[in-house]
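Just below is one structure, and these are the notes that go with it.
The values are calculated or read from the model by the stated rules, or taken from the named source; none is laboratory data. Note that the coordinates shown come from a computational prediction; the quantities given were computed from them, not determined experimentally. Cβ placement follows ideal geometry from the backbone for every residue including glycine, while neighbour counts extend to all protein chains displayed. Side chains are part of the model used for accessible areas, which takes the heavy atoms of the whole protein and leaves out ligands, DNA and RNA. Shrake-Rupley method; radii C 1.70, N 1.55, O 1.52, S 1.80 Å.
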Amino acid sequence: MNLSSLSFFRSLHKDNQQFAVIGLGRFGRSVCSTLHNFGYEVLATDVDEKRVSEALTEGIVGHALQLDSTEPAALKEAGIFEFDTVIVAIGNYVQESIITTLNVKEAGVPHVVAKASSEVHRKLLRRVGADHVVFPEYEAGCALARTLTKPAILDRFDLDPDNSIVELIVPDEFHDKTITELQLRNRYGLNLLAVSQDGKFIINPGPTKRLERGSAMVVIGCNKDINHLPI
């Protein structure tokens with residue numbers, strides 16, 4: 001997530017209990033299954049009747065319909081335009097994805113999330129009105145590359161292109177040293193948010209807390225400073 005996404009997520013209604021998902025490929029199925037398991041009402045659609053039948057049989061949605069989402073009349077009849085949030089999960093068919101996104105935005109759906117399969121696709125989706133665009137293959141690729149090159153980093157949250165919050169394995173050089181002794185802010189320009197102990201995190205640990213090899217720590221700071229850590 002970045003600052004450009006902030007206004008979109010702030011605009012979402014916290015009491016929204018209904019979502020429509022258009023497209024039942026792997027991404028669409030994952031969205032449906034997760035929302036359904038969280039207890040939300042999900043209406044899924046796909047042009048492929050087999051995919052619709054499978055989604056219903058497997059119980060990953062409460063309702064599913066076969067329809068052509070490039071046809072505004074079909075979307076209207078299915079009640080898609082009445083939803084507060086619609087996820088266009090048609091990633092591999094660019095034309096259908098763009099037309100569908102345009103259809104739901106022109107009909108007045110306030111929150112439209114769309115999946116992109118390329119950078120050009122992302123730009124086109126934004127051009128036709130998508131409120132938020134996800135690029136899961138790109139994001140997964142970036143995450144994998146980071147994991148392979150920095151295996152000590154367990155998790156990462158990008159605040160913007162230059163700053164992040166990262167969870168990492170405590171480096172051997174930090175073992176048995178107190179937070180005061182490490183001087184993370186002076187030496188690395190980083191702030192320590194939490195350290196793990198007995199399977200739980202201690203938030204804002206005190207200056208006398210000693211770090212242990214193999215445990216985890218969470219820091220916030222500039223990416224170039226994070227890269228200077230001995231990991």
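Sorted by accessible area with a 1.4 angstrom probe, largest first, how do THR70, THR57, THR180, THR101 fall?
Ranked from most to least accessible, the order is THR57, THR180, THR70, THR101.
Residues of segment 159-230: accessible area per residue at 1.4 Å, in Å²?
Details: 4150 Å² over 72 residues.
With all protein chains present, segment 159-230 gives 58 Å² per residue.
If ligands, DNA and RNA are left out, what is the accessible area of HIS63 with a 1.4 Å probe, given in Å² to the nearest 10?
Solvent-accessible area, nearest 10 Å²: 90 Å².
Output the 0 to 90 degree angle, nearest 10, between the alpha-carbon long axis of helix 26-37 and the longest principal axis computed from the alpha carbons of the chain.
Rounded to the nearest ten degrees, it is 80.
Tell me the accessible surface of TYR93 in square angstrom (1.4 angstrom probe, heavy atoms of protein chains only), to the nearest ten.
Using a 1.4 Å probe on the heavy atoms, I get roughly 140 Å².
Take every Cα-Cα distance within segment 90-177, group them into 5 Å bins from 0 onward, and report for each bin the whole-number percent of pairs it holds.
3, 13, 18, 16, 12, 11, 10, 7, 4, 3, 2, 1, 0
I'd like the carbon and sulfur percentage of the solvent accessible area for the chain, probe radius 1.4 Å, heavy atoms only, ligands and nucleic acids excluded.
C and S fraction of accessible area: 52 percent.
If you take every residue apart from GLN18 with its C-beta less than 9 Å away from the C-beta of GLN18, what net charge results, scoring Lys and Arg +1 and Asp and Glu -1? Before the final figure, lay out the partial values.
Details: positive: none; negative: GLU41, GLU82, ASP84.
Every neighbour counted, the sum reads -3.
When DSSP beta bridges are limited to those with both residues in segment 41-191, what percentage is antiparallel, rounded to the nearest 5?
35 percent
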